1. Residue-wise, which Karplus ³J(HN,Hα) couplings in Hz belong to region 39-44, taking 6.51 cos²θ - 1.76 cosθ + 1.60, θ = phi - 60°, and x for glycine or proline?
2. Just need the relative contact order of region 19-155 here, percent rounded to a whole number, with Cα pairs under 8 Å and 6+ apart.
3. Go through 65-75, 196-206, 129-139 and give me the packing order, highest mean Cβ count within 10 Å leading.
4. At 0.36 nm per residue, minus the direct Cα-Cα distance, what do E33 and Y54 gain on full extension? Give it in nm, one decimal, please.
5. Could you give the length gained by full extension between S83 and R70, i.e. 0.36 nm per residue of separation minus their alpha carbon distance, to one decimal place?
6. Find the relative contact order for region 59-124 and round it to a whole percent, using C-alpha pairs within less than 8 Å whose residues are 6+ positions apart.
7. Is the shape of region 17-107 rounded, prolate or oblate, going by the alpha carbon gyration tensor and its root eigenvalues a ≥ b ≥ c, with a/c under 1.5 for rounded and a/b larger than b/c for prolate?
8. Between D99 and E231, what FRET efficiency comes out of the Förster formula 1/(1 + (r/R0)^6) with R0 = 45 Å and r the beta carbon distance, rounded to 0.05?
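What follows draws every value from the coordinates through simple rules; no lab data is involved. As the structure is a prediction and not an experimental result, all values here were calculated from the model. Note that we place each Cβ from the backbone using ideal geometry, even for glycine, and neighbour counts take in every protein chain shown.
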Amino acid sequence: MTGEVWVPFYARQEGGRESFFKLHDGVPEWLRESLWNWLSAEVSVWQSSSTGGYYDPSAEKIREVERLTRVGIGWTGNGKEYSSRLAGLKALRQALYQDELAFLTAVDFRLSRLDGRKNSGRISALETILKDSSSRWRVSEVSGRPGLADRIDETVQLAAESLAAKEARSGELLADAWRHAFSMNRDPSAAYRCAVRAVEAAAGPVLTPSDKLPTLGKMISVFRDKPEKWEFAFTVDAAVDPKKVLLQMLQLLWTNEYSRHVDPGVDSPLHVTQGEAESAVMLALTLTSWFTSGAVSMRSAE
């Protein structure tokens, strides 16, 4: 039984399990106090004392959160006295409890200030709080620093993190695509663009190694014209040609981006929905993995 998720009695009844594991956006009531306890420590400074120590609210950190979340907390104190700093902390709490997005933004900001190696305990504590509460949000480090991101399938998340860590240029671009698609600060167009660039960086050395200005469009043309020049790890089946599937996947990613340009010189696709961006990033994850792992390779000359 060790390691299994505890499920309450009501969730073990018919139809209850789905309700218990449903992900919740925002800051539901059962998450609020635990999340505040975590955040209040992050906007405070630990002070040692003869009795052990205590968290002393930091006026500087409180004002920083106020500015960045764009939420006026109504605190006019200067923070010179402890009572003033405590009043500022209470004012911040009241303001954030009235604005869930600002609350999550404040948590995301303070999380981004933590060093993953030095503050692993604090980061893990936040993830436990979010996971226990079935929050839609989780702690992610795909973009190179801690932050809040969508709680998608953990296996896919780990695959993306692993690829981003191993591969230089394509990994960086994939990490950027992931951040634009799944973090709190989303930009669907940027996510799609970075997804395409990640595949170009991974596939270029395999499909068009001598091209100094490779594009996915060029790579598709080369691969479509002479697919026999490349090996693909999948075994060819009579009903399904793996190379045709690979070509279609490349075309799907490229055509959907290209069709959104007003003209070929525009650097960002237009009218990209969040769903399209997420699909593009997932598709790019698979394609990038294939090209960087050697699953697709140029056939050696005989």
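1. Along region 39-44, the couplings run 5, 4, 5, 6, 9, 10 Hz.
2. Numbers: 153 pairs, mean separation 35.8, N = 137.
Relative CO of region 19-155 lands at 26 percent.
3. Numbers: 65-75: 16.4, 196-206: 23.3, 129-139: 19.0.
Top to bottom by mean Cβ count within 10 Å: 196-206, 129-139, 65-75.
4. Numbers: separation 21, 0.36 × 21 = 7.56 nm, distance 1.85 nm.
This chain segment gains 5.7 nm when fully extended.
5. Details: separation 13, 0.36 × 13 = 4.68 nm, distance 2.42 nm.
Taking 0.36 nm per residue and subtracting the Cα distance, the gain is 2.3 nm.
6. Numbers: 42 pairs, mean separation 19.1, N = 66.
It rounds to 29 percent for region 59-124.
7. Values: a/c = 2.94, a/b = 1.53, b/c = 1.91.
Because a/c hits 1.5 or more and a/b fails to exceed b/c, region 17-107 counts as oblate.
8. Working: r = 55 Å, r/R0 = 1.22.
Here the calculated transfer efficiency is 0.25.
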